[in-house]
Amino acid sequence: MSIFSCARAACLLVTAAMAVMAGEASANVTAFSAHSLQVKHEVNTSVPEAKVYQALLGQVGAWWNPAHTYTKDAKNLSIEARPGGCFCEKFPEGGGIEHLRVVYLMPNQAVRFSGGLGPFQPNGVAGSLSFNIVPI
């Protein structure tokens, strides 16, 4: 069994997304100040770590909430699985947006993104989104 945990500063948009694989889930605000917010979301699943990691990076359109996209279609999202890689959304009429950048990859164990998710970018708001895959 694995614990799939997710923590990020600023806002957390992906918490319910991994429910596809979830057996049990919980989310808690773990830190709060005038300038930041940290939320920890934890999902217990029987899915092997390698499959969770592959789905996280290769099937973002299957777990990301389409309401949190510019195009309202999560299938327009992609993650380039390498340090410096783009968590991007393509627009059907051309163009697109970089939501986050991959800053850390540890195969089958962890992925970390940094940047400002779409609508936060014009306001200079940035944060990080970390996924830790931990066997239990």
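Here, each number is a calculation from the coordinates, and none is a lab measurement. All values reported here derive from a predicted model rather than from experimental measurement. No Cβ is skipped: glycine too gets one built from the backbone with ideal geometry, and neighbour counts run over all protein chains shown.
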Mind checking which pairs have a first residue in segment 90-110 that is without any contact (Cβ under 8 Å) to a residue 40 or more places away in the chain and charged (D, E, K, R) and a second that is surrounded by 13 or more Cβ atoms within 10 Å (Cβ to Cβ) and part of a strand (DSSP E or B), Cβ under 6 Å, 6 or more apart or different chains? LYS90/GLY96; GLU98/CYS86; GLU98/CYS88; ARG101/SER114; ARG101/GLY115
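Per-residue answers, yes or no, for (1) surrounded by fewer than 17 Cβ atoms within 10 Å (Cβ to Cβ); (2) aromatic (Phe, Trp, Tyr); (3) under 22 Å from HIS35 (Cα atoms):
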| residue | (1), (2), (3) |
| --- | --- |
| TRP64 | no, yes, no |
| GLY85 | no, no, no |
| GLU89 | no, no, no |
| LEU129 | no, no, yes |
Looking only at segment 35-62, count every residue that is assigned to a strand (DSSP E or B) and either without any contact (Cβ under 8 Å) to a residue 40 or more places away in the chain or surrounded by 18 or more Cβ atoms within 10 Å (Cβ to Cβ) (or both) and tell me the total. 8
Residue hits (segment 116-136; under 14 Å from the mean Cα position of the chain (by Cα) and under 19 Å from ALA74 (Cα atoms)) are GLY116, LEU117, GLY118, LEU129, PHE131
